[in-house]
Amino acid sequence: MDELENIRESYLEKEIRSYAEEKKDAHDVGVDKLVTMFEEMERTGELDLSINADTLIDFFDECTKLATDAGFEGLVVLGDELQQYFKSADNRQDAEANFRDLIWDIHSGAQIDSEFGFFVSMPAQTKSSLDTRAGDVLNRLESDNLMLNLENVYGQDFPAELWNEYASRFEFGDQQHDVITAHALNAIGQICSRPELSNGPRTVIDIFRIALLNYQTSRDPFTALDLAEAFYNGEVRFQGSSTIIQSAIGDALDHSSVATEEQKTFIMLCAVFPEQGIPEVVVEEYELLDARRHLSKKLHGEVIKVIDEGYTLIDVTRSDGPQDVVRELIRDFWSEYDTDHPNAEYAHNALANRLVGGEIFEPQRGKLEGWGVGDGLDKEAPQVYRRHGMIGTFDPNYPKRSATISVTDPAHEESVVGSANIGPAEADNDIAFNFVLGWEKADETVDPHIRRDSSREYTFMLNGRKTFEELPNGIEFLRDAMDPKAVNPFLMLALVDYLDTTDRELDPQQKQRIDSFQNSLLKQAIQTLFGEELIENAPFEIRRAGKMAVSMVFSEAMEDLYPDYSTLITSTQYESVMGDYLDFLDSLQTVSLCRGIETLKEPKDEVAQRFGLKNTSPFDGRIKKHYSDILTVENSDKNEYEVRSTLHPFEQFIVDELESEDREEFPLEEINQIGYNKGYKTEELDLIFEFLSRRRIVGLNENDSLILLETDYSIAQVEEVLSTGRDLLTKVEKLDQDEVPDGVETAFNEVEEILEETNPEDGERLETLYYHAKEQVEKLEQRGEILYTRHHQACQDLKDRIERKSRQVVPNHLDNTIEGGVQFVGGVNDARASIRGEYTDINNKLTEAASELENTLETQAGKGIDGAVELSEKQKEAESELDSVEKEVEKLEEDAEKLKDWKAFTAQVAGVKEEITDYARTFDEDSVDEEDEINRFISQISERFAEDPVGALDNLEGFKENLNRIESQYKSKRKEHQKVFDEKRELLKEILQEATDGKARGLRSANFSIRNPEESRRNLLEEFKDTYKKSVLERAEENIEDARREIEYARVVGIKETVDANPKDVEEGILTAESTLQSLRSELDQFSFTDIGNETNLGTGGSDLLDTTDDINEDAKEFRYEQEPDGEAVEETLDRIMDHRRVDFKDLLMEYHDDGDTVDPEELLDRIQRLFVLNQIDIEISQRRGR
């Protein structure tokens, strides 16, 4: 051990000296003194040396050689609980870096003997931190199999494997379960795999100890029940961070529902199977089936829960699934649950309003598919919920269907089926769906099926009692609150509604968790109720289960009911889309085109424009989705596009009826009924009648019946359209020739030529001419609306522009009076007022122009071409006025900018005049020519502004040159005074530098002021004297006072004269220095500003005084130097004191007596007094503690 200590001391000495070398520049002492100081601090624990990895490895290497030389095979250093090293470090990052370097260097093997080993342990949290910060080192160790995770060793099988190893090693394999049963080993494994319940292997060994003691005393095997009692009685010493199992057992046994011994045994056993639950074989072995059944209803979800194999106590399980108030609500539901009528109310309400009315017949807004948003189904009787007239669809080919939805149970099925008002009439429902939930007879199975009661009514028989072999994902946490074997769709639906009706106050987060939980229950209920077993028993093939099963029944029924139906309700915006088709029909010129007898041939973009589309890209999609029955593309080439306006199937049916020999008219009432029978809704029939009207095929007679129409147009009608068109053409040309549609004028000319040769009886030709001319008129009207919009926006923009101009026109600086202490400031303000007035006139003009535009915008005639003409004329007038105003503003802005410069110049002149006046007054110089010049200059400017205020603004540059000349002359005189002041300050600095050997700093705050030169000189002299006193006189006084105190100390304690110092000599030097100090103080007091530059002793005298007093002080310190003890007893006492560094007198006295040396207090006090005189120790006196 001595050799090991020597190695440690040598490394410690090297580190301390290295540290002293590093810190020597920061301390005004030598390296040796620092080493001594640091050694003392290391002994007392005040010094914390940070040793680097290389030094530590060298130390380990020497220690390894010492171990091998002593006959050992090597050296292993065990570093337990590494986290404590990091916690105690001042800098965690530096500590981790040092550890990283150490491990890396050791692992490399390049710097240390191979007989050395290093083992370190750490918890998982520390390893996780190192993985992030020093992962490369740990990864390297792990890849070389130099890392062991003990958490992977102690699993649930560890106790059984360890006990089996003991049995094999000590040869009692056949009797091993006579000592500890297999069920007990299973329970021990489940407990010890949980760190919060145990201390891992320590707990295993402790339980083995208890089991062996039990076997030694009773020869009975240690069972799972014995294990539970050991925990409950507190016999297990290592129970993790708390006594969770003990507390869980106690709390459960205290429950009022635990009464019999069997029930208590069941609770005890549940506690020791926390991971998989109490096995069925254990329940049977202890005959606990009745106890389990009783406690399941009373305590499930509150005290016990089911996990993998059976029940366990909730307090010893891992927490998952809903917690807190949600879990309590589920547990409360289970405690009251049974397959009875109150729960049937819950289940049927959820089936009606959450599952059928919410999930299957899902409300949708803004979509064609989906069902109307309402208040759900109405409750008509217990377990009977209905809704008549629910509007919506599952299939977009059959939109806006009306349905009766019913939810009931087998007991009420007969009263529901066949009672819906269904049929083809407008007031009837298209279809009826009945959903029957089987739930009441537990001993009878429900056969799920879909039944067609009629062509318009379907019944779904749902099995509400279907259970699960294993709870599905999403609801598996129900096992925490109830028996999983009791979970079925009926229970899930009842629970959904129960959670909806709770009066418990919930925060938003709890409400969100309940909603999520309910959605999981509903999803699983749909999958179970509408599963494969249901769709396999349907009247026709259904390929998809779940919600889609109802959708497919709907589509199949619609196809059977309405085979000839072709909808016009192609989207939620179908009115707009069909309105565009009506506009298209209006644009066609002849009945032949409207009826589709002839095709429309023109470029595709022009056809699209007839539908209100600006481009053709969406046109094809619109035809396919919305117009497939009423528009046929004959030629898809975009340049030779050809379409036919075809009749809708029901239009064609009506026309065919009217053209038949048997009919001359077709009553609307009859048509409507036929339409309803075919599946059409009233809004669709209205559209079909409108189509027929716009095609000019049929009309309505006085009998409310449709009849075929005949066309009849006159020459006068055509001429009237031509006249209107010519007038529009003239106005469009006047506004913008480029806006005239191509071919309009040519078309009018052609119509006129053909009209002159047309027979008045030629109805078909007149119709063609009429619509051809009308088409041109519509083109011109469209251009007129465009021009109106353009000119309306132009006028609005122009009005906004004029209003902005009126708000911005007056510069802000014109509103403020110009201030200044010069004569001409009044003339400058006259110029400002003149410019401001001109701006006001301009602002009034702009306001008036904007008002006239506003009036025109509000009162112009119509939104067509006439309004555009009126707006155009007013726009031209306003623009002319604005151009005129902008030219005026441009000139005014130049004058306003000049005025801004004059404002600054006025302030500049006032400042120069004030400085020159102050200068003349301060120095009392009668011959300051600049004062007369500045006054004449100001008078000259005043005269110019009096003649022409605005015109005077143009002469600024000339005035600036004169002012600069006057100011330059004045400043040259002022600089002479500044120069004298600066020279005096430099002389004073030289005195201070000489007196303090260049160490003094000062005279930085005193600056020269031309307005108060005397104060500037006084401040400079005062700063000099203050600095001299602090740097020279006061420092000398401190040295003298320190030396005098040392002499007094030497005289008091009787220190004899030494070789280097004598108190009398030092005292004589003090008297001489004091005389010199007084002389310098007197000279400093009499020193004045005029003396600066004259000969003075303040510099050399001050320097000599400081040198002298420094020497005196150093001589006086000789009296405090340590002297060697002059006797063995005194020296021995000094050694004892040095061992302690700081010691109490009582402790020192008792130390003598403890060592067997009898020393009187008086004698020990004499020794201490002698050591004090020899300057070996300091004595500190304090009041006795406790007084």
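The values are calculated or read from the model by the stated rules, or taken from the named source; none is laboratory data. Since the structure is predicted, the reported quantities are computational estimates derived from the model, not experimental observations. Quick reminder, even Gly has a Cβ in these numbers, built from the backbone with ideal geometry, and neighbours come from all protein chains shown.
What pairs come up if the first residue lies in the range 652-673 and is under 14 Å from S705 (Cα atoms), the second is of a type in the set (K, R), and their beta carbons are under 9 Å apart, counting only those six or more places apart or on different chains?
As it stands, the answer is V655/R595; E657/R663, since those pairs meet every condition given.
Tell me, which helices (runs of 4 or more DSSP H) lie completely within the range 643-746 with 3 or more residues that are within 30 Å of V633 (Cα to Cα)?
Helices (runs of 4 or more DSSP H) meeting the threshold: 649-659, 668-678, 682-694.
Which condition number does N519 fail, the rest of (1) closer than 30 Å to I671 by Cβ; (2) outside any loop (DSSP other than H, G, I, E, B) being met?
N519 satisfies all of (1) closer than 30 Å to I671 by Cβ; (2) outside any loop (DSSP other than H, G, I, E, B) except (1).
Going by the structure shown, is F619 without any contact (Cβ under 8 Å) to a residue 60 or more places away in the chain and surrounded by 14 or more Cβ atoms within 10 Å (Cβ to Cβ)?
yes
What number of residues in the range 438-467 are free of Cβ contacts under 8 Å to residues at least 24 places away in the same chain and under 52 Å from the mean Cα position of the chain (by Cα)?
1
For the structure I just gave you, tell me whether V828 is in a loop (DSSP other than H, G, I, E, B), surrounded by 13 or more Cβ atoms within 10 Å (Cβ to Cβ), touching a residue at least 24 places away in the same chain (Cβ under 8 Å) and on the phi < 0 side of the Ramachandran plot. Spell out how you get there, then give the answer.
On the way: in a loop (DSSP other than H, G, I, E, B): no; surrounded by 13 or more Cβ atoms within 10 Å (Cβ to Cβ): yes; touching a residue at least 24 places away in the same chain (Cβ under 8 Å): yes; on the phi < 0 side of the Ramachandran plot: yes.
The answer is no for V828.
Suppose we filter the range 752-772 for residues that are modelled with pLDDT under 85 and either in contact with a Gly (Cβ under 6 Å, 6 or more places away or on another chain) or among the β-branched types (V, I, T) (or both); how many remain?
2
Within the range 353-361, is even one residue touching a Gly at 6+ places or on another chain (Cβ under 6 Å) and at pLDDT below 95?
yes
Considering only residues that are surrounded by fewer than 17 Cβ atoms within 10 Å (Cβ to Cβ) and either charged (D, E, K, R) or touching a residue at least 60 places away in the same chain (Cβ under 8 Å) (or both), which ones fall in the range 904-914?
A907, A910, E914 - these are the residues of the range 904-914 that are surrounded by fewer than 17 Cβ atoms within 10 Å (Cβ to Cβ) and either charged (D, E, K, R) or touching a residue at least 60 places away in the same chain (Cβ under 8 Å) (or both).
Restricting attention to the range 480-493, does a residue exist that is out of contact with any helix residue (DSSP H, G or I) (no Cβ under 6 Å at 6 or more places or on another chain) and modelled with pLDDT under 80?
Yes: one or more hits.
Select from the range 53-68 the residues that are at pLDDT below 75 and crowded, with 16+ Cβ neighbours inside 10 Å and list them in ascending order.
Going residue by residue through the range 53-68, those that are at pLDDT below 75 are 53-54.
Answer for the range 53-68, where residues must be at pLDDT below 75 and crowded, with 16+ Cβ neighbours inside 10 Å: just A53.
Quick one: which of L963, L1033, L992 is out of contact with any Pro (no Cβ under 8 Å at 6 or more places or on another chain), crowded, with 17+ Cβ neighbours inside 10 Å and within 26 Å of F1119 (Cβ to Cβ)?
After applying the criteria, what remains is L1033.
Would you say L47 is outside any helix (DSSP H, G or I) and in contact with an Asp or Glu (Cβ under 9 Å, 6 or more places away or on another chain)?
yes
Assuming F748 fulfils every condition listed in (1) within 23 Å of S592 (Cα to Cα); (2) surrounded by fewer than 16 Cβ atoms within 10 Å (Cβ to Cβ) apart from one, which condition is it?
(2)
Give the residues of the range 151-170 that are part of a loop (DSSP other than H, G, I, E, B), among the aromatic types (F, W, Y) and touching a residue at least 40 places away in the same chain (Cβ under 8 Å), sorted by residue number.
Y154
Residue pairs, Cβ under 6 Å, 6 or more apart or interchain, first in the range 171-184 and surrounded by fewer than 13 Cβ atoms within 10 Å (Cβ to Cβ), second of a type outside the set (V, I, T). List them.
So the pair list comes out as G173/A167.
Here are some residues: L857, L853. Which one is touching a residue at least 60 places away in the same chain (Cβ under 8 Å), among the aliphatic types (A, V, I, L, M) and part of a helix (DSSP H, G or I)?
Selected residue: L857, the only one of L857, L853 that is touching a residue at least 60 places away in the same chain (Cβ under 8 Å), among the aliphatic types (A, V, I, L, M) and part of a helix (DSSP H, G or I).
Quick one: in the range 554-600, of everything that is among the acidic types (D, E) and over 30 Å from L709 (Cα atoms), which residue is surrounded by the most Cβ atoms within 10 Å (Cβ to Cβ)? Talk me through it step by step, then tell me what you get.
Filtering the range 554-600 down to residues among the acidic types (D, E) leaves 556, 559-560, 564, 575, 580, 583, 586, 598.
With the extra rule that they be over 30 Å from L709 (Cα atoms), the set shrinks to 556, 559-560.
On the way: E556: 18, E559: 13, D560: 12.
Applying the filter and picking the extreme gives E556.
Considering only residues that are in contact (Cβ under 8 Å) with a residue 60 or more places away in the chain and more than 41 Å from the chain's Cα centre (by Cα), which ones fall in the range 469-485?
D483
Hey, among the residues in the range 371-406 that are outside any loop (DSSP other than H, G, I, E, B) and touching a His at 6+ places or on another chain (Cβ under 6 Å), which one's nearest to A427 (Cα to Cα)?
In this case the residue turns out to be T404.
Any chance you could count how many residues in the range 391-415 are within 28 Å of Q673 (Cα to Cα) and crowded, with 22+ Cβ neighbours inside 10 Å?
7
Filtering the range 494-513 down to residues that are assigned to a helix (DSSP H, G or I) and over 19 Å from E336 (Cα atoms), which residue is modelled with the highest pLDDT?
Filtering first and then ranking leaves K511.
With the structure loaded, tell me whether I431 is modelled with pLDDT of 95 or more, more than 30 Å from E670 (Cβ to Cβ) and of a type in the set (V, I, T) or whether it fails that test.
So I431 fails the test.
Report whether or not K874 is within 56 Å of the chain's Cα centre (by Cα), part of a helix (DSSP H, G or I) and among the basic types (K, R).
Numbers: within 56 Å of the chain's Cα centre (by Cα): yes; part of a helix (DSSP H, G or I): yes; among the basic types (K, R): yes.
Answer is yes for this residue.
In the range 447-479, which residues are β-branched (V, I, T), under 24 Å from S520 (Cα atoms) and out of contact with any helix residue (DSSP H, G or I) (no Cβ under 6 Å at 6 or more places or on another chain)?
Filtering the range 447-479 down to residues β-branched (V, I, T) leaves 450, 459, 467, 475.
Checking the rest, the ones that are also under 24 Å from S520 (Cα atoms) come to 467, 475.
Within the range 447-479, T467 is the sole residue that qualifies.
Please work out which one of (1) under 27 Å from D453 (Cα atoms); (2) surrounded by fewer than 15 Cβ atoms within 10 Å (Cβ to Cβ) is the condition G531 fails and give its number.
Exception for G531: condition (2).
Quick one: what pairs do we get from the range 325-338, first residue without any contact (Cβ under 8 Å) to a residue 40 or more places away in the chain and of a type in the set (D, E, K, R), second surrounded by fewer than 20 Cβ atoms within 10 Å (Cβ to Cβ) and part of a helix (DSSP H, G or I), C-beta under 9 Å, 6+ apart or different chains?
Every condition considered, the pairs that remain are E336/P342.
Output the residues belonging to the range 1146-1187 that are closer than 17 Å to V1052 by Cα and in a helix (DSSP H, G or I).
Hits for the range 1146-1187 are D1166, I1168, Q1169, R1170, L1171, F1172, V1173.
Does any residue in the range 421-437 that is in contact (Cβ under 8 Å) with a residue 60 or more places away in the chain and surrounded by 20 or more Cβ atoms within 10 Å (Cβ to Cβ) come within less than 9 Å, Cβ to Cβ, of a residue that is β-branched (V, I, T) and part of a loop (DSSP other than H, G, I, E, B) six or more places away or on a different chain, and which pairs are these?
Partner pairs satisfying both residue conditions: L437/V446.
Does the range 343-351 contain at least one residue that is at pLDDT below 85 and over 38 Å from the mean Cα position of the chain (by Cα)?
Taking every residue of the range 343-351 in turn, at least one turns out to be at pLDDT below 85 and over 38 Å from the mean Cα position of the chain (by Cα).
With respect to I207, is the statement that it is crowded, with 19+ Cβ neighbours inside 10 Å, closer than 11 Å to W163 by Cα and touching a Phe, Trp or Tyr at 6+ places or on another chain (Cβ under 9 Å) true? Even if it seems obvious, please write down each step before you answer.
Numbers: crowded, with 19+ Cβ neighbours inside 10 Å: yes; closer than 11 Å to W163 by Cα: no; touching a Phe, Trp or Tyr at 6+ places or on another chain (Cβ under 9 Å): yes.
So I207 fails the test.
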